[in-house]
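Just so you know, all these numbers are worked out from the coordinates, no wet-lab data involved. Keep in mind it's a predicted model, so treat the numbers as computed, not measured. A quick note on method: Cβ atoms are made from the backbone with ideal geometry, for glycine too, and the neighbour counts reach across all protein chains shown.
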Amino acid sequence: MNRAQRRGAALRRELGLRGQVDVEAVAAGFGLGVRPWHFDVQTEMTMGGEILIAERLSPEERRWETAHAIGHRLLHRGNHLEQPKHVRQRHEREADDFAHELLIDAEEALAEGFVHSWEIAEHFGVPGKAVRVQARLVPDEPASQPGDCPRRGY
Ligand SMILES: [Zn+2]
């Protein structure tokens, strides 16, 4: 697991969450309110102490986007839009990694005996397209420090 995945999984464990996460309660634990908002294109945005979620979304999508926004809040500092594109893309991926581990527990899915991704999506109340069948195949981030780069000396 990478840093974002570890953070999401740790939070799920710490809070003793099972099944469908009450993600608004999780946000409240970090002092964040969640409010539906009339975005046309955008899906979520955090302003001050509030996560704004597009009101056009399904409950499953709202759960996912709220978890994603909490991920940004815990993992990334500063104004997202001021970051260079490659950093923004990395942040987006990390927020999704965080959301996946906060909302979907692979052990719990195995224990339930789920076979199909739709069963997992339904059980955890997340959008079907968010379920990653290869979640556990994502390689760990290298533990070494920058100075320990194995390519040093080439
Ligand atoms: Zn985002």
**Q.** Loop chymotrypsin sites (Phe, Trp or Tyr not before Pro), the stretch 1-47, which have at most 15 other Cβ atoms in a 10 Å radius of their Cβ (DSSP)
**A.** 30, 39
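Can you sort 85, 129 so the residue with the fewest Cβ neighbours within 10 Å comes first?
Working: 85 7, 129 10.
Exposure proxy ranking, most exposed first: 85, 129.
Treating the beta-carbon of each Lys and Arg as +1 and of each Asp and Glu as -1, no other charges, what is the dipole magnitude of the stretch 14-90 about its Cα centre, to the nearest 20 debye?
Charge dipole of the stretch 14-90: 300 debye, to the nearest 20.
To one decimal place, what Kirkwood hydrodynamic radius in Å is obtained for the stretch 61-124 from all pairs of distinct Cα atoms?
Working: mean 1/r = 0.0771 Å⁻¹.
For the stretch 61-124, inverting the mean 1/r across all distinct Cα pairs yields 13.0 Å.
Given R₀ = 35 Å, what would the calculated FRET efficiency be for residue 118 paired with residue 22, taking r from the Cβ atoms and rounding to 0.05? Walk me through the numbers on the way to the answer.
Values: r = 22 Å, r/R0 = 0.63.
According to the calculation, E is roughly 0.95.
So how much slack lies between residue 106 and residue 47, counting 0.36 nm per residue of separation and subtracting their Cα-Cα distance, in nm?
Numbers: separation 59, 0.36 × 59 = 21.24 nm, distance 3.19 nm.
18.0 nm is the gain from fully extending residue 106 to residue 47.
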Q. Using the 10 angstrom Cβ neighbour count as an exposure proxy, how do 97, 40, 22 rank, fewest first?
A. 40, 22, 97
Q | Alpha-carbon Debye profile of the stretch 1-121, log10 I(q)/I(0) at 0.22 Å⁻¹ | A | -1.35
